[in-house]
Amino acid sequence: MWDLDDTLILERDFVRSGFRAVAAHVAGRCAVDAGAVSDFLWSGFESGVRGNAFDRVHEHFPETRSIPVAAIVEAYRTHCPDIQITDEALSILRRLRQAGAAQAAITDGPLAGQRSKADAVGLNDLIDLVVFTDEWGREFWKPHDRAFLTVQERFGAAPGDCVYIGDNPSKDFVSPRALGWGSIRLRRDGQLHAALEDGTPAELTARGWNELAELLGVGEETI
């Protein structure tokens, strides 16, 4: 079972795609250069800006103040993202399917944005089930166990037959470990939480796709 953000896809790729969409959105409504807005947003993200990025657009580009922040957020969340699952990840998904393993993804975040990510990479064609925790409300985002129990019930699987692969020890592995699932932390270049050590650790860590393939027993092919 998979996490989506910063596991199967890189969250930073979605963010950059969203910033480009926001820049196009505001440039179409006021006299501002889309490239300048996109570069400003990305520079802020790279320097650690979180949470108030679009308020800062209003501050830095006064021409945009006629556009409500809520409208900018909506443009970000509902854009069609330019993202992809890497060939290495696709190879593992394919080999697991060939081996007969049932696969699901459990993903948190505002529903429209998470659905757009899944659609952009064709996730429903690659695995058996995608669980969007926001369909039940934010209170059911990880580390809540509802999504994990849903997957377990849907597949008729015993806890010991389930493995969750994620990236963020602050939330990803709490429920899997409490339920008796296996857990693997994938650490790959570009993850937002790659350096995070606090939280509930996974049982195992894979530093890249090759190590993950070996841990999952599908490492015959070089990833």
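The values are calculated or read from the model by the stated rules, or taken from the named source; none is laboratory data. Because the structure is a prediction, the values reported are computed rather than measured. Cβ coordinates were reconstructed from backbone atoms using ideal geometry, including for glycine residues, and neighbour counts include every protein chain displayed. Just so you know, the surface numbers come from the protein's heavy atoms only, side chains and all, with ligands and any DNA or RNA stripped out. Shrake-Rupley method; radii C 1.70, N 1.55, O 1.52, S 1.80 Å.
Couple of notes before you dig in:
- Working note: Debye formula, equal point scatterers on the alpha-carbon atoms of the range 143-183, no solvent; log10 I(q)/I(0) at q = 0.15, 0.19, 0.23, 0.24 Å⁻¹ is -0.29, -0.46, -0.67, -0.73.
- Share of alpha-carbon pairs per 5 Å distance bin for the range 113-158, given as whole %: 5, 20, 25, 23, 21, 6, 0
- Phi to ³J(HN,Hα) by Karplus 6.51 cos²θ - 1.76 cosθ + 1.60 over the range 177-183, Hz, x for Gly, Pro: 5, 5, 8, x, 7, x, 8
- Positive-end residue of PHE173, HIS79, THR107, charge dipole of the chain with Cβ unit charges: HIS79
- Percent accessible area from carbon and sulfur atoms, the range 86-134, protein chains only, probe 1.4 Å: 46
- Relative to the compact-globule estimate of 2.2 N^0.38 Å, the Cα radius of gyration of the range 168-219 comes out at 1.13.
- Relative contact order [Cα under 8 Å, 6+ residues apart], the chain, whole percent: 20
- In degrees, nearest ten, helix 87-98 long axis to first principal axis of the chain (Cα): 40
- Taking label points 7 Å from Cα along the Cα-to-Cβ direction, ASP33 and ASP87 give a separation of 3.6 nm.
- Values of log10 I(q)/I(0), in the order q = 0.10 Å⁻¹, for the chain under a Debye, Cα-only, solvent-free model: -0.49
- Net charge dipole, the range 103-223: roughly 280 debye, given to the nearest 20, about the Cα centre with Cβ charges of +1 for Lys and Arg and -1 for Asp and Glu.
- Computed magnitude of the charge dipole of the chain (debye, nearest 20; Cβ of K, R +1, Cβ of D, E -1): 340
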